[in-house]
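Presented below is the structure to which this report refers.
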Amino acid sequence: MAYIYSDVSRTFSEYLLVPNLTTEKCAPDNIDLSTPLLKFKKGEEPPLKLNIPITSAIMQSVSNDTLAIALARCGGLSFIYGSQSIEVQAEMVRKVKKYKSGFVVSDSNLKMDSTLKDVIELKSRMGHSTVAVTDDGTSTGKLLGLVTSRDYRISRDPLEKKVSEFMTPFTKLVVGRLGISLSKANDIIWEHKLNCLPVVDENQCLHYLVFRKDYDNHKQNPYELLDSSKRLLVGAGINSRDYAERVPALIDAGIDVLCIDSSDGFSVWQKNTLDFIKKEHGDIPVGAGNVVDREGFMYLAEAGADFIKVGIGGGSICITREQKGIGRGQATAIIEVAKARDEYFERTGVYIPICSDGGIVHDYHIVLALAMGADFVMMGRYFARFDESPTKKVKSGNGYVKEYWGEGSNRARNWQRYDLGENHNMKFEEGVDSYVPYAGKLSDNLQTTLSKIKSTMSSCGSASIGELQKTARITLVSSTSIIEGGAHDVILKEKEY
C-alpha cells in the first residue's frame, strides 16, 4: 500500500513569525547575514560562506555573467546556467573571475604596429578601455606602453593611425615591480593619481594590471564575495549527462562551486555524477538536489553532496506539480529536510547546508525559510526583473517588463534537444514562458530586501541566521488573517510620481 503523509503540505504564506524581545544586540545594524554554503565538520569553520543568504537560480533567463558579477559584489552567489554549450558557459565563468581580481592578467593587448581600428575593435569585443601594448601583443610580453580612452579621439584621429603614435610610452608610465603587495600598489595609485598601475618584472615584461576602480568598488561594496586572490566567487550549474566534459572545462575557467541542476534530485543519476566528480576532481565542491523529504536528503548526503537544494514545483514559472503531480509545499519540505539535516549532523558530525529553492513571493518569506532551517535561498523571478539579468526589456502599457521562462519550458530545452535522449522526446513542458515587471538595478532592490530581512530578524530577537533557527517562533495563519494582514476596508490613494 502506498505511503500517505498525514500532515498537510504547506507554503510560506500560511505562516507568520511571532516577535521575540528585541535588544540592542539584535538591532538591524548589528545583524550578521553570513551563512555556510558548503558542508563542514563540527568544530570547524565552513570552507566557504556567503555574506548574504541569497543565490540566483540556475536559469537561462536569470544567471549569466553580468548578474553573477552584480550579485557577488553584494555578497551573494550566482550559479551560471548549464543549459548552453560548455564553451559559452565556461567563458561566462572566466568573465566573472576576471572582473575583479586586484592583480589582473591583461586580456586586452596589442602590438606597436596595431592601429586605432584595432583598439576600437578590441574595446568593443572585450569591454575594456585600457589596452597594454607589448612587443609581441601578449599579456606577458615586454611592456612598451598603455592605451586608454584619453589617448585618442575617434572623431578626429584616423582609424589607420598606429598605436605607437598615440599610446603613453613606458618611459612615461609609473609601474610597480613584481612582488609588490596589493596594498602598496593601491598606495602608488593614490599617490600618483593613476587609474591603472602596470606590474612588471626586471626585464620589463608585463605580469599584472592593478586598477583604481577595483579599490573604489570594494570600498562601495564591503560585502563582496571574494576568493583568496580577491576575485569574485561564482558557481555553475551542471547536468547528469555531459558532466565528464563540462566539469573539467568549468574548473579550467576558474569555477568555485558546482550544482547539479534537476527538478528531482532523488535519483541514481545524481549519485553517479557526484561519484565521478569526487573521484576525478575531488577538490571542487558540488551541491545537489532538488529534494523535498528526509529520504531524498539522506540519499544525497550519503552520496557526498556539499549542499542540498530543497523544493519541487514551487517556482513561479514551474508547473511540475500541475503536469506530473510531483512536489510538496515549500514550507513543509524545508521543515522536514532541516530536521533530517540536524539528525545527520548529530549522527556524523558533518553539517550539510540546505538551500530553499522556490516558493519565495514576499521578502519576509526569505526569513521564514531561514527560520524553518534553510541556510540560504535560491531565487529566479526575483532576479529576472533586474537590468543585469540576460533577458530583454519589453515595453508593456505605461511600463516595462522582462522576459522570464522556466528551464522546463520548450524555450529553454530547445537549445540542445539531445539532452533528453536520442529516443526520448518530451511531449509536455514543466515550465512556462512569461514576463515579470521590470524593477531596475539589482543592487538598489537587493538593499531594500536585505533591510527588510534585517528588520524582521530584529523583531525576532535574532542577531544571526543560526540564532534565528534556534529561537524563532512561527505560527500558522488562517485565510482570513492573511486578508487582515494587508490593507483592507479603506480606499487607497493613487500613488503620485
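The table for this structure:
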| read-out | value |
| --- | --- |
| Point-charge dipole on Cβ atoms (K/R +1, D/E -1) for the stretch 149-209, about Cα centre, debye to 20 | 220 debye |
| Environment charge at residue 9 (Cβ cut-off 12 Å; Lys +1, Arg +1, Asp -1, Glu -1) | -1 |
| Rounded, prolate or oblate (a/c below 1.5 giving rounded, otherwise prolate when a/b exceeds b/c) for the stretch 109-219 by Cα gyration tensor | prolate |
| Trypsin sites (Lys or Arg not before Pro) restricted to DSSP loop in the stretch 78-165 with at most 13 other C-beta within 10 Å | 153, 156 |
| The chain: angle of helix 243-253 to the longest principal axis, Cα-based, in degrees nearest 10 | 50 degrees |
| Cα long-axis angle, helix 116-126 against the chain (0 to 90 degrees, to the nearest 10) | 20 degrees |
| Straight-distance crosslink candidates among lysines, where the alpha carbon sits under 16 Å from residue 392 and sequence neighbours closer than 8 are dropped | 402, 441 |
| Rel. contact order, % - alpha carbon contacts under 8 angstrom, at least six apart, the stretch 132-189 | 26 percent |
| Charge dipole (debye, nearest 20) of the chain; +1 at Cβ of Lys and Arg, -1 at Cβ of Asp and Glu | 920 debye |
| Global geometry of the stretch 1-61, whether rounded, prolate or oblate, following the gyration tensor of its Cα atoms and the 1.5 cut on a/c | oblate |
| Net charge contributed by nearby residues that have their C-beta within less than 12 Å of residue 191 (K/R +1, D/E -1) | +2 |
| Cross-link pairs 184/219; 49/452; 324/395 - those with Cα-Cα distance over 26 Å | 324/395 |
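Quick note: the coordinates plus some simple rules give every number you see, no bench work behind them. Predicted model only: the values in this text are computed from it and were never measured. Cβ sites come from the backbone with ideal geometry, for glycine too, and all protein chains shown count toward neighbours.
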